[in-house]
Amino acid sequence: MTNNKRPVKYRERAKKTIIEFQSTAWLLYLYSVPFLFVSLWQLITGHLWLFLMSFGVFFGVLLSAVWMSKGRKNKYHFQQRKYTLKQPFPLMFLASLSLGVASFAGSLLVAGLGLMSALGHGVAATIGSWLWYGLDAVGGSAFKEVKDKDSQTILAVSEQSIVNIEQAEKNIDNLALKGYLHDIVRLARNVIETLVDKPEKIPQARRFLHSYLHATESVIERYAKTHKQIENDTLDTNFKAVLQNIVNVFSEQQQKLIENEVFDLDVDIEVLNTLLEKQGIS
């Protein structure tokens, strides 16, 4: 069992590492290094004013790298979602502009180039950053007939819960449990899609989204954080039973939604809470 888990764990860790590496603007970090060396040399040689200018340019490029890295991560997470209420702050655009300003200042004040040459370096740095890293994600939400802001918020928050479940699933190595989690995500997304197409059903699904989906997200995230710290086969077995129950409820509620039946979650939510308490997962 342990040997089977290792390749999965390695692949998940490698995938996460690749995503983090790809989102990091390492070229901009590398671009800032020469300005750091120049500023240190100016400090050693006692040229305080030149040190301040060089360090200011270094700090500007470094800030651009931090903003670009953060902006790329925001873009990745934004593209993982279909229903969003607002665009992420345009950090990638801001990073490109700040890089252009820093490059202009470095060329003019540190390298001693002429005004037009320095301006050309600044513009080239900005355009090069746009071409290499791209710009922030754009595009509105995929809401169709959902005009009510409260309903839009419910759907967006619900999708965030689904995304959180997907993120938690990456920290779980058990293939059987992963299968149940994939089913939960698929069914939950189907419910969201149905509600987007039939927004008049959102009020009757409100408790399902607020209570059951949120409780499901909570228990999965807690298990993902703690199961590696405690070697407990009983916990895994109990968690599997909980996931089976959740899949069944999700499937039943989706079918009721399609067949225009009223959601009846009072008993189901009580069952879930009881399972969590008795099996030591809550």
### Message
Could you check region 119-153 and list, in sequence order, the residues that are within 30 Å of V191 (Cα to Cα) and either of a type in the set (D, E, K, R) or at pLDDT 90 or above (or both)?
### Response
D136, K144, E145, K147, D148, K149, D150
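Could you please give the count of residues in region 60-118 that are within 30 Å of R189 (Cβ to Cβ) and small (G, A, S)?
Within region 60-118, the first condition is being within 30 Å of R189 (Cβ to Cβ), and the residues that meet it are 69-92.
Narrowing the set further to residues that are small (G, A, S) leaves 69, 71.
Of the residues in that region, 2 qualify.
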### Query
Does L36 meet the test of being of a type in the set (A, V, I, L, M, F, W, C), closer than 30 Å to K170 by Cβ and either surrounded by 15 or more Cβ atoms within 10 Å (Cβ to Cβ) or at pLDDT 90 or above (or both)?
no
### Message
Any residue at all in region 18-26 that's over 30 Å from A156 (Cβ atoms) and either free of Cβ contacts under 8 Å to residues at least 40 places away in the same chain or touching a helix residue (DSSP H, G or I) at 6+ places or on another chain (Cβ under 9 Å) (or both)?
### Response
yes
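Quick one: would you say S158 is surrounded by 15 or more Cβ atoms within 10 Å (Cβ to Cβ), outside the structural domain of M92 (by TED's automatic domain parsing), modelled with pLDDT of 85 or more and not aliphatic (A, V, I, L, M)? Show your work before the answer.
Working: surrounded by 15 or more Cβ atoms within 10 Å (Cβ to Cβ): yes; outside the structural domain of M92 (by TED's automatic domain parsing): yes; modelled with pLDDT of 85 or more: yes; not aliphatic (A, V, I, L, M): yes.
In short, yes.
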### Message
Cβ-Cβ distance below 6 Å, separation of 6 or more or different chains: which pairs start in region 44-68 with a residue that is within 26 Å of F93 (Cβ to Cβ) and end on one that is in a loop (DSSP other than H, G, I, E, B)?
### Response
A65/A25; M68/A25
### Query
Picking from D233, D268, which residue would you name as being over 25 Å from Q152 (Cβ atoms), touching a helix residue (DSSP H, G or I) at 6+ places or on another chain (Cβ under 6 Å), in the same structural domain as D173 (by TED's automatic domain parsing) and modelled with pLDDT under 80?
D268
### Message
Could you check region 162-202 and list, in sequence order, the residues that are among the acidic types (D, E), part of a helix (DSSP H, G or I) and within 16 Å of H227 (Cα to Cα)?
### Response
E169
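The values are calculated or read from the model by the stated rules, or taken from the named source; none is laboratory data. Everything numeric in this text was worked out from a predicted model, so none of it was measured. Backbone-built Cβ (ideal geometry, glycine too); neighbour counts: all protein chains shown.
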